[in-house]
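Since the structure comes first, as structure tokens, the remarks are kept for the end.
What follows is calculated from the coordinates using simple rules that are stated; it is not laboratory data. Predicted model only: the values in this text are computed from it and were never measured. Positions of Cβ are backbone-derived with ideal geometry, glycine not excepted, and every protein chain shown enters the neighbour counts.
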Amino acid sequence: MTKAACTSDAWYKTAVIYELYVRGFQDSNRDGRGDFRGLISRLDYLVSLGINCIWLMPIYPTPGKDDGYDIMDYYGVNSEYGTLEDFRSLIHEAHSRGLRIIGELVLNHTSDQHRWFQEAKKGPDSPYFDYYVWSDNPEKYSAATIIFSDLETSNWSYCKENGYYYWHRFFHHQPDLNYDNPQVRQEMIRVVRFWMDLGLDGFRVDAVPYLYEREGTNCENLPETHAFIKEIRAVLDSDYPGAILLAEANQWPEDLVKYFGDGDEFHMAFNFPLMPRLFMSLQLEHHGPIIDIMKRLPTIPESCQWAMFLRNHDEMTLEMVTDEERDYMFNAYAEDRQMRLNRGIRRRLAPLLGNDRRKIELLHAILLTLPGTPVLYYGDEIGMGDNIYLGDRNGVRTPMHWNDNKNAGFSEAQPSRLYAPVITDPVYNFHSVNVEEDRNNRNSLFSWLRNLICIRRNFPIFGAGTIEFLYPDNKRVLVYLIRHEEMRMLCVFNLSPSAQPVEIDLSFLGNCIPIEIVGGTIFPAIGELPYLLTPNGYGYYIFHLFE
Ligand code: NOJ
């Protein structure tokens with residue numbers, strides 16, 4: 001291992017991250033909503049799955065119009081989830097089990113219920129007016145896109161108290177903070193310190209590209225944003241070594257990689273360009289989309305890392321694809337319009353893949369072997385379903401299915417008190433899709449994934465290595481080699497539903513012996529002739545190559 005990959009400060013390079021929604025995970029006080037105490041009682045489950053870092057969706061006090069991404073107070077916790085003391089216990093309990101916890105840092109905006117905005121509304125004489133972005137007309141910054149295009153019609157909203165318009169890149173109840181104001185920047189550094197002092201291991205930083213606005217630009221990825229992130233990073237490096245910053249920057253490769261700076265901005269960034277192309281390659285039965293985008297990603301600094309994901313708490317965003325590709329994806333994965341939201345698809349992984357276990361395994365196998373750190377979404381490890389009729393993105397945030405007891409074991413409240421109904425449809429209902437069933441079944445998706453996570457963690461090469469694509473004539477098969485120092489892994493994935501023959505020229509590797517790492521089978525030695533493999537439909541091989 002290189003220094004960056006093996007020091008504990010670079011733990012994120014070999015981590016497996018699990019995103020969860022506190023409200024949806026486990027209720028401990030029968031109010032129908034998950035909470036910190038409930039989550040603590042489920043930490044051993046997360047350890048048994050093999051993950052070693054939890055990413056929590058926002059836990060701040062909030063009016064709850066955007067599931068906590070609308071913050072009312074940066075220095076507290078949502079009382080539905082418990083107290084700050086409970087949160088401290090959560091961190092303590094997680095750490096004592098070897099689990100790290102990263103939280104959300106929502107820099108771009110607050111809730112309109114935040115005290116700063118309430119004060120700012122009083123007008124230009126208020127000391128908080130300048131905390132937000134105002135204009136006397138709604139024409140400024142017209143080149144900026146509307147992100148929630150199905151839900152908002154403008155990035156400006158009128159404030160009838162003071163007669164000005166305020167700027168918001170997301171919901172109208174989420175006014176953007178004004179980063180040209182040094183007080184706002186200082187305040188946010190204070191917020192970072194507050195949570196670091198409490199023991200968090202880092203932040204997923206929300207909506208990074210939009211911090212500043214400049215006329216004549218699309219108000220994204222401005223140099224000032226990079227400068228401010230570098231300031232935050234410097235605070236972490238000097239006072240909280242080992243803490244990480246993970247960027248949510250839904251951008252094309254060229255803009256996205258700039259968020260790594262020279263290794264002095266984000267430690268990690270979600271690989272937004274890759275994610276939809278995994279699904280596209282699968283649908284097209286062609287390795288092209290994955291290879292093309294991976295080749296377009298510039299090399300990133302040694303200490304940095306991609307965060308790889310299939311699904312998360314939002315719609316599956318289709319912003320980083322062309323209009324034609326988006327149409328293709330909508331037709332392939334969201335025939336029913338109810339499944340579409342903004343420029344994306346609001347579905348969980350299993351329903352997106354038609355509940356085809358082979359496809360679910362294949363995508364996870366790719367996710368866990370491509371260079372980067374995998375980020376899983378709660379419930380996807382048991383193939384949970386969704387509810388597209390719940391509105392906004394709520395259909396992918398329903399309660400976790402623990403067992404087939406009342407409310408899927410999530411809560412002892414009356415079912416009508418739950419913040420959202422558990423899934424009861426014929427295919428994904430909690431009687432058959434739940435943790436208890438899956439843990440007791442060696443052939444379940446959970447058991448399969450736990451095994452793969454364990455393998456992945458035994459081979460840190462997947463988090464630290466470099467990738468080289470190979471180009472077999474059979475384009476239905478994706479082949480890559482991961483190298484790290486003397487170690488080599490050969491990964492082969494059949495993207496089609498039927499068995500495929502594939503000849504791979506591996507003569508440049510010399511006479512190696514491939515050992516398939518899931519089953520431990522020794523394969524015939526590689527020689528001068530093309531190496532022939534015949535993976536089953538959606539089958540895959542992960543080989544450790546020995547001299
Ligand atoms: C990105 C988050 O992932 C999403 O859930 C939220 O609605 C927006 N940022 C606005 O904060």
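Checking each residue of the range 178-188 against the condition of being over 23 Å from G216 (Cα atoms), in a helix (DSSP H, G or I), more than 14 Å from the ligand (Cβ to nearest atom) and under 26 Å from the mean Cα position of the chain (by Cα) gives at least one match.
Filter the range 133-161 for residues that are within 18 Å of A207 (Cβ to Cβ) and in contact with an Asp or Glu (Cβ under 7 Å, 6 or more places away or on another chain); which is farthest from the ligand (Cβ to nearest atom)? Filtering the range 133-161 for residues that are within 18 Å of A207 (Cβ to Cβ) and in contact with an Asp or Glu (Cβ under 7 Å, 6 or more places away or on another chain), the one farthest from the ligand (Cβ to nearest atom) comes out as Y141.
On the stretch given as the range 196-213, residues that are without any contact (Cβ under 8 Å) to a residue 60 or more places away in the chain and within 16 Å of the ligand (Cβ to nearest atom) total 1. Name every residue in the range 524-547 that is free of Cβ contacts under 8 Å to residues at least 40 places away in the same chain and surrounded by fewer than 16 Cβ atoms within 10 Å (Cβ to Cβ), in order of residue number. Within the range 524-547, P524, A525, G527, E528, L529, P530, L532, T534, F546, E547 meet the criteria.
A single member of S111, S126, S48 is among the small types (G, A, S), touching an Asp or Glu at 6+ places or on another chain (Cβ under 9 Å) and in contact (Cβ under 8 Å) with a residue 40 or more places away in the chain, and it is S111. Just one of (1) in a loop (DSSP other than H, G, I, E, B); (2) under 26 Å from the mean Cα position of the chain (by Cα) fails for C454. It is (1). All of (1) surrounded by fewer than 21 Cβ atoms within 10 Å (Cβ to Cβ); (2) more than 29 Å from the chain's Cα centre (by Cα); (3) not charged (D, E, K, R) hold for P514 with one exception: (1).
Can you confirm whether N394 is surrounded by 16 or more Cβ atoms within 10 Å (Cβ to Cβ) and within 16 Å of the ligand (Cβ to nearest atom)? Spelling it out, N394 is indeed surrounded by 16 or more Cβ atoms within 10 Å (Cβ to Cβ) and within 16 Å of the ligand (Cβ to nearest atom). When the range 235-275 is limited to residues that are of a type in the set (S, T, Y) and touching a helix residue (DSSP H, G or I) at 6+ places or on another chain (Cβ under 8 Å), the one that is farthest from the ligand (Cβ to nearest atom) turns out to be Y240.
Considered as a group, the residues in the range 299-326 that are outside any loop (DSSP other than H, G, I, E, B) and within 16 Å of the ligand (Cβ to nearest atom) include one that is surrounded by the most Cβ atoms within 10 Å (Cβ to Cβ), and that residue is M316.
Right, Y81: buried (at least 16 other Cβ atoms within 10 Å of the Cβ), aromatic (F, W, Y), away from the ligand (no atom under 16 Å from the Cβ) and touching a residue at least 40 places away in the same chain (Cβ under 8 Å) or not? In short, yes. In the range 221-244, the residues that are within 18 Å of L211 (Cα to Cα) form Cβ pairs under 7 Å with partners that are of a type in the set (F, W, Y), at six or more places apart or across chains, as follows: L222/Y212; E224/Y179; E224/Y212; T225/Y212; F228/Y179; I229/F266.
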